[in-house]
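I have placed the structure first, in the form of structure tokens, so that the comments after it can refer back to it.
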Amino acid sequence: MTDDDIVIYLIGNKVDLYKNRKVTKEEAIQYSKYRHFNGFGECSSLKNINIKGTFTSFYKTLYKKNKNKLITKIVQKLNVLKNKITKTFHYEFELSALFRKEDSICHIISSKNKE
């Protein structure tokens, strides 16, 4: 994993306790930008405020940042699967041909025994 793979998000919790707030939203956003974080969000787990939105935003950022690597990994896995299927098909085809030869040989032998 490289630094390019990492997504850092500043998430402020307990937004429902606005009376006890020590840091303004604007200060948090500025700090997030200053530290080169990938984003900022606020939520309250107690009151279920903006949890889905905050984490959806985080996951979208994570996906966008790593989309090409994910696609590459999926393509690699599909190629491995394709190779396994191809090998299996060739193996089954060879077995099928072998059984057809054995059936022909058995038929010839049984025909000769009848004569």
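What follows draws every value from the coordinates through simple rules; no lab data is involved. Since the model is a prediction, treat every value here as computed from it, not as a measurement. Quick reminder, even Gly has a Cβ in these numbers, built from the backbone with ideal geometry, and neighbours come from all protein chains shown.
Some values worked out for this structure:
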| quantity | calculated |
| --- | --- |
| Pairwise label distance in nanometres, Lys87 with Ile6, each label 7 Å out on the Cα-Cβ vector | 3.8 nm |
| Among 77-83, 37-43, the order from most to least packed when residues are scored by Cβ within 10 Å on average | 37-43, 77-83 |
| Selected from Asn48, Tyr9, Tyr63, residue furthest toward positive end of dipole (the stretch 1-68; charges at beta carbon) | Asn48 |
| Amide H contacts of Gly39 (H built 1.01 Å from N, under 5 Å, at least 5 apart or other chain) | Leu10 |
| Integer Hz, Karplus 6.51/-1.76/1.60 couplings in order for the stretch 48-60, x for Gly and Pro | 6, 9, 6, 5, 4, x, 5, 6, 5, 4, 4, 5, 5 |
| 26 Å Cα-Cα threshold exceeded, pairs from Lys22/Lys67; Lys25/Lys52; Lys60/Lys82; Lys33/Lys67; Lys14/Lys64 | Lys22/Lys67; Lys60/Lys82; Lys14/Lys64 |
| Computed label-point distance, nm, for sites Lys47 and Lys67 using a 7 Å Cα→Cβ extension | 3.5 nm |
| ³J(HN,Hα), Karplus 6.51/-1.76/1.60, whole Hz, each residue of the stretch 31-40, x for Gly, Pro | 4, 4, 5, 4, 7, 6, 6, 7, x, 9 |
| Relative exposure of Tyr59, Tyr34, judged by other C-beta atoms within 10 Å (fewest first) | Tyr34, Tyr59 |
